[in-house]
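All of the numbers you see were taken from the coordinates with simple rules; none came from a lab. Keep in mind it's a predicted model, so treat the numbers as computed, not measured. As a convention, Cβ positions derive from the backbone with ideal geometry for all residues, glycine included, and neighbour counts pool all protein chains shown.
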Amino acid sequence: MRIFIDLWWFFKQERLKYFFGIVFLMLSSFISLLPPYVVGVIVDDIRTRSLSSFILGKWILFLVIIGVVYYCTGYLWRQLIFGSSIILANQLRNDLYKHFTKLSPNFFQKRRIGDLMAHATNDISAVQNAAGEGILTLVDSMTMGAMVIVTMSAFISWKLTLITLLPMPIMVLLTMHYGSLLHKRFGKAQAAFSDLNDKVQENVSGVRVIKAFGEEDAQINVFRKASKDVVDKNIAVAKVDSLFDPTITFIVAFCYFLALIFGSKYVVEGTMTIGSLTSFTLYLGQLVWPMLAFGFLFNIVERGSASYDRIRRLLAVKPEITDLEGASTQVPSGAIEYNISNFHYPESGSNVLSNIDVTIEQGQTLGIVGKTGAGKTTLLRLILREFDIKDGQIRIGGTAIRDVTMEALRSAIGYVPQDHILFSATIAENIAFAKPEATQEEVERVAKLASIHEDILHFKEGYKTVVGERGVTLSGGQKQRISIARALLADPEILIFDDSLSAVDARTEVSILQALKQERQNKTTLISAHRLSAVEHADLIIVLDEGKIIERGTHEELIQKHGWYAEMYAHQQLESLVSEGGGKA
Amino acid sequence: MNEEQNLTHLSGSYVMKRLLSYLKYFKRKVAITFIVLLIATGADVLGPIVMKVFIDNYLTPRVFPVQPLVFLAVSFVGLYAISALFNYYQVLSFQKIALNIIQIMRVEVFAKVQHLGLRFFDQTPGGSLVSRITNDTETIKDLYVTVLSTIVNSTIMMIGIFAGMFFLDVRLALICFILMPFLIVLMWVYRTLSSKIYRVTRVKLSQLNAKLNESLQGMAMIQAMRQEKRLRNEFGQINHDHKTAMLKSVRLNSLMLRSAVYSVYLIGLMMILSFFGIQSFDNVVKIGVLYAFINYLDRFFDPINQIMQQLTIFQQAMVSAERVFGLLDDERMAPVQQGDSSPAVKEGRVEFRDVTFSYDGKTDVLKHISFTANPGETVALVGHTGSGKSSIINLLMRFYPIERGGVFIDGEPLTGFSDDELRNRIGLVLQDSFMFVGDVADNIRLSHNQITEEQVKEAAEFVQADKFIEKLPNQYHEPVGERGATFSSGQRQLLSFARTMAQNPKILVLDEATASVDTETEEAIQLALSKMRRGRTTIAIAHRLSTIQDADQILVLHRGEIVERGTHQELLQKGGLYFNMYQLQHGKGLENVSAAK
């Protein structure tokens, strides 16, 4: 029941809705007790042959009124209680989303997106259920159950009530037991289904290998087994699920049986009328729901609590990077100085970067090269302050990046990441991501700079073409160039390219670099790359190896040194000549 | 959006008919279960009649002979015991049938997908395909469970109750029949309205999830571009729309579900009371009959409530079924053997004769390609992205049908070979070395169980993958996770080499990786590749100098055409490409350059 205390803030916030909701719900329950009473009275009148058309008409009119009132109260409490629970889900979802936007990139790398999605969907709906169905079952099992039992014992016969209700607790216990059993088995069935999903996912992504090795039939067999497992687990669920109705029917029938046997005895003894007995059995029917509700209540509450705990834990995660107190809101500008003695990621102990001392003047270009895992990306992510450096400092125009707000720091920097993230929106909207108010001319201008304009015009709907998961599939190179255009549109003082030209061909690379040079005079650019041609023109190139700078200088200087850079350069020249067909055509 | 366009629209009745046709696999079971259902319903319906007999024959006249009463009591409890047992059996049995039908349907869809051509996979986004095989069939499962369990059950129950009513009093039963039009109208209106609202809520929910998923994936970008506030508003808007749609559905349910059904119940109750009341003015009324009628009325509305709650599921399932059947009827099949000559690959001579090819039927990606690779020779394909290298490989693997020109192996047309012969004799090594969940040995052997543990090890040794495998804690039984993420790309490459070598193919088709891996593995890969090529006809998309240098024939492709061809030496003499290369290497040995990488 703790969930109701945990959600108290919400009940307080929506107190009027919940108050009236519960009032109407109780009223509904009360009203539903009246028709059986009417039936009892009429049966007795029929039996004693004292029924007149006036009396009958009166009761029928009464039933009509009951119908109308019940319909209205039923409508109202559903609207109020279920409506509120939807508002709760809506609020929690917004809170979670807002919280997500504050968490550091590191958080999203550690946690699986699928899990986070589950919190925002399954857990929220379990909490919503607790605030809706949970309240309903709580109120109904308590008040309606009590009302029916009180009515039965006060107005008809407390002895008969007691006798008849003997089997009911068995039903409550059984259905509760089924409920928890069902929950467990359902979890297993879900897991089997998700395995099946993974299997199909693997199959679809490995389709070429499967076809090349003639694995189709073997795959069908594996799938058949996985699918059979899903069937078996679901049958296990069905075995429990199918128990509910027969159990209830049988126990309720047994209650009827007791009611009739003992009721008849009282009728014969004259302590009860046959009409009362009829009403009694009808009331009995109305007890089934509150009893069931009592069983459901426990399951709903249990699930809601667990889910709400998970949501709260998630909301309690503190962002790793926050603005320092008194941080300046002035957008930093000027030379970039890296002074890092060493840096390692929070989870691992080994240094990713050590002894990095580089200064790049405003308006210059820094090239960063080196093998995979040498620390290129880390170096770039540090200036975005995705992590804080303990031993060292990065300064822009003499100000440590830690001493300005995140907002100010990010305003100074444009970032083109390694993996290109486009959103499900039109190409124009994607390019204008950082500046939604940009005009079409502005968008096209940067698209031209990024050499993507022509490609875009080839799409059926041009700049209005929708991309992302639900839209047109773009090639890696096209995605890269759109991300470049996106970063250019913001026109930041510092532009970061994290291996952002890897998927474009050499000719396009040259034209993009050319455009950058003209466009970004007096602005600083940091480029990391595998292909050395992308940094050839840089004012300073550093070669990283295992987090250390092993060579530095301009392209010409590095070629002279005959070190790693020079060898790599020669090698890449050859390869590009070969794969370009020797510059033919 | 794309997904919807691919759909051929099938009519509702056709979909329903086809769905029901799956029942044919379980004729006997369905028949037995149906009989059990009838018995259970019969027992349910008889209960109130026993009560009526008790009230009218014994309670009202106050006569209580022991024997008949014991008989009545026993039969009352007995009837409900039968009803409980038989109902358990029938509900469970219908669920089992539904689940087994889905099993058949799933395997059918999956098998169909396995035999679809790559053209289909090129045109269908992976995510939506997965969702058709799993989620859509899951929705159809709900339909079977609903239709078989709830709707059949409820309908039979309602018929049973009417039968009981007619048995007790024909006139009153006829009067109660008046309720049916009310209920049917109610259901029809609810169905129409709810389907609209339901569709909207589903759309909103999927938008909500899509937005959230996308935001979570791109959060770093959103933050770097300082768009948190805007995205929060956008999400808030979708969330708000979703809430509005949900509230609408709550309103509809409040208006039309239980409360409305209860009103109809009250109308029924009023009719029964009036009927007996008016009768009682002049006649003696049997209280037992009245009791039984009210009891029936009580039960009559449960099935109605159940059916109404299931209506939305029903509609969603029809949409899913349409999608699944659309997939089952897809005609973009993989090319298969033509004729039944079944030649064998003996020497491994590969020949392309004037092959022109287009993926979409509009732009030709290969134009008049002709070349011959003699047994044991290596042909290197070079050229930049989009020049047609991969298409040549795709055709040789018979991934796509060849429409113009011909490909021949040992002089026999490619189309004549059986699938098995082709897959066993042509070994493909892809750039992206795909790993399956399982262990290392599984990944080398795949489904070819005749490959022994020894042969697996030999294959690994041959490509020198044994060194790293033996360092693994479980060696050849080291588990491989999703997409082989625990292995480096170099290791994955070596494993995929071993996989190909375990098949001992006659012809090797190689799509060399462009991405550079670490120096150590790189050397192992180079070495493995040259060993693998020995004695095998090799068609390679070459990126590595060593592969190109060793090739017996180099084809330089540009925009789907072969623009230059010859051996290394010939091309060197021709000048152009190889002349340039030679110049660059002068004074700086190639070995040096390769080693540096």
Query raised in the report: For the protein assembly as shown, what is the mean residue ellipticity at 222 nm derived from helices alone (per DSSP H run of n ≥ 4: -39500 (n - 2.57); sum divided by total residues; nearest 500 deg cm²/dmol)?
Result: -20000 deg cm²/dmol
Query raised in the report: FRET efficiency for B:K531 and B:L205, Cβ-Cβ distance as r, R0 = 35 Å, nearest 0.05?
Result: 0.05
Query raised in the report: Do any trypsin sites (Lys or Arg not before Pro) in the stretch A:450-548 lie in a DSSP loop with no more than 15 other beta carbon atoms within 10 Å, and if so, which?
Result: A:K460
Query raised in the report: Share of antiparallel DSSP beta bridges in the protein assembly as shown, in percent to the nearest 5?
Result: 55
Report summary line: Output ordering of B:332-345, A:68-81, A:159-172 (per-residue mean of other Cβ within 10 Å, highest first) is A:68-81, A:159-172, B:332-345
Report summary line: Counting other chain Cβ atoms within 10 Å of each Cβ in A:417-424 and taking the mean gives 4
Report summary line: Amide H contacts under 5 Å for B:V563, restricted to residues at least 5 apart in sequence or on another chain and with H modeled in the peptide plane, are B:V556, B:L557, B:H558
Query raised in the report: Over all residues in A:246-257, what is the mean tally of Cβ atoms on other chains that come within 10 Å of each residue's Cβ?
Result: 5
**Report entry** Diffusion constant of the protein assembly as shown at 4 °C, which comes from Stokes-Einstein with the Kirkwood Cα-pair radius and 1.567 mPa s, µm²/s
**Finding:** 37
Report summary line: Which residues qualify? For A:V404, with a placed amide H closer than 5 Å and at least 5 residues away or on another chain, they are A:S328
Report task. Scan chain A and note any complete DSSP helix (H) whose C-alpha atoms cover at least 30 Å along its axis and whose Kyte-Doolittle average is -0.5 or more. Result -> A:53-77, A:168-205, A:216-241, A:244-269, A:274-316
Report summary line: Here the tail fraction of P(r) beyond 40 Å, over all Cα-Cα pairs of chain B, rounds in percent to 53
Query raised in the report: Ratio of Rg to Rh for the stretch B:14-328, alpha carbon only, Kirkwood?
Result: 1.11
Report summary line: Check: C-alpha center the stretch B:169-239 vs C-alpha center the stretch B:8-82, spacing in Å is 37
Query - Nearest 10 degrees, 0 to 90: helix B:228-256 Cα axis against chain B principal axis - result: 30
Report task. Mind checking A:400-407 for the average number of partner chain beta-carbons within 10 Å of each residue's beta-carbon? Result -> 1
Report task. Consider just the alpha-carbon atoms of the stretch B:350-566 and return their Rg together with their Dmax, both in angstrom. Result -> 17.5, 53
**Report entry** Cut-off under 5 Å, modelled amide H: who pairs with A:L495 long-range
**Finding:** A:G414, A:T524, A:T525, A:L526
Requested in this report: Could you work out the relative contact order of chain A, using alpha carbon pairs under 8 angstrom and six or more residues apart, expressed as a whole percent?
Outcome: 14
Query raised in the report: Which loop GluC sites (Glu not before Pro) in the stretch A:429-488, with loop taken from DSSP, have no more than 13 other Cβ atoms within 10 angstrom of their Cβ?
Result: A:E437, A:E461
Query - Cα pair distances in chain A, grouped into 10 Å bins until the bin that holds the longest one, percent each - result: 3, 12, 16, 17, 14, 12, 9, 7, 5, 3, 1, 0, 0
Report summary line: Mean Cβ-within-10 Å packing, highest first, puts peptides A:128-137, B:41-50, A:326-335, B:523-532 in the order A:128-137, B:41-50, B:523-532, A:326-335
Query raised in the report: What angle, in degrees between 0 and 90 and rounded to the nearest 10, separates the Cα long axis of helix B:179-217 from the longest principal axis of the Cα atoms of chain B?
Result: 30
Report task. Mind checking the stretch B:274-352 for GluC sites (Glu not before Pro) that DSSP puts in a loop (not H, G, I, E or B) and that have at most 15 other Cβ atoms within 10 Å? Result -> B:E331, B:E347
Requested in this report: Multiply the residue gap between A:Q393 and A:Q109 by 0.36 nm, knock off their C-alpha separation, and tell me the result in nm, one decimal place.
Outcome: 99.8 nm
Report summary line: Here the stretch B:289-306 yields Karplus 3J(HN,Hα) values (6.51, -1.76, 1.60; θ = phi - 60°; whole Hz; Gly and Pro given as x) of 4, 4, 4, 4, 4, 5, 4, 4, 4, 3, 7, 4, 8, 4, x, 4, 4, 5
Query raised in the report: P(r) tail for the stretch A:2-316, what percent of Cα pairs lie past 36 Å?
Result: 40
Query raised in the report: Where the centroid of each part is defined by its Cα atoms, how far is the stretch A:7-78 from the stretch A:381-425 in Å?
Result: 65
**Report entry** Counted charge near B:A220, where neighbours are those whose Cβ lies closer than 14 Å (Asp, Glu -1; Lys, Arg +1)
**Finding:** +2
